[in-house]
Amino acid sequence: MLGVTEDAQDVSQTVFVKAWQAWEGFEGNEGQRRAWLMRITRNATLDAARKRNLRRMASLDVMLEERTAEVLSSPDFEGDAILARLHAALATLPPKQRWVFQARYFDDRSYAALSAETGTSEGALKASYHHARKKIESILVQEAQTLFH
């Protein structure tokens, strides 16, 4: 979701510290504990993504080029240039749309599971996914037109 290994490691550390501090006080079954951990992770990731986006106020073209280069050079990336462009387009989305898109598209998670995890209605999640998909499609179509004209 963050696209930068160091940022993801920082978020992981934050999540583990928060979970460790509150673990004893949490009451609930294993499923509730899992949902609680996922909520902590989601919120920490969205916070980090928002902070990163505030630091990077560049034009869309510059951001896409930088992001594609970051993705392609990452040792964690296993894909081709087309997938890198998809990840670059994802980086332009607002954090919540990016999260919903990744959870559905890459992780194949159900709207029901995401709704239970976040407390957001399935309808709102579907709308976020739809908007994210349309934005990504628009970016990729615009890039293709630029390449072939």
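One table, with the values for the structure above:
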| read-out | value |
| --- | --- |
| Quotient of Cα Rg and 2.2 N^0.38 Å for segment 1-57, N being how many residues it contains | 1.27 |
| Sparse-neighbourhood loop sites, chymotrypsin sites (Phe, Trp or Tyr not before Pro) in segment 108-149 - DSSP loop, at most 11 other Cβ within 10 angstrom | Phe148 |
| Whichever lysines have a C-alpha closer than 20 Å to that of Lys96, once near sequence neighbours (fewer than 8 apart) are set aside | Lys51, Lys126, Lys134, Lys135 |
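Values in this text are rule-based calculations from the coordinates and carry no lab data. Keep in mind that what you see is a predicted model, and the values were worked out from it rather than measured. Don't worry about glycine lacking a Cβ; one is built from the backbone with ideal geometry, like all the others, and counts go over all protein chains shown.
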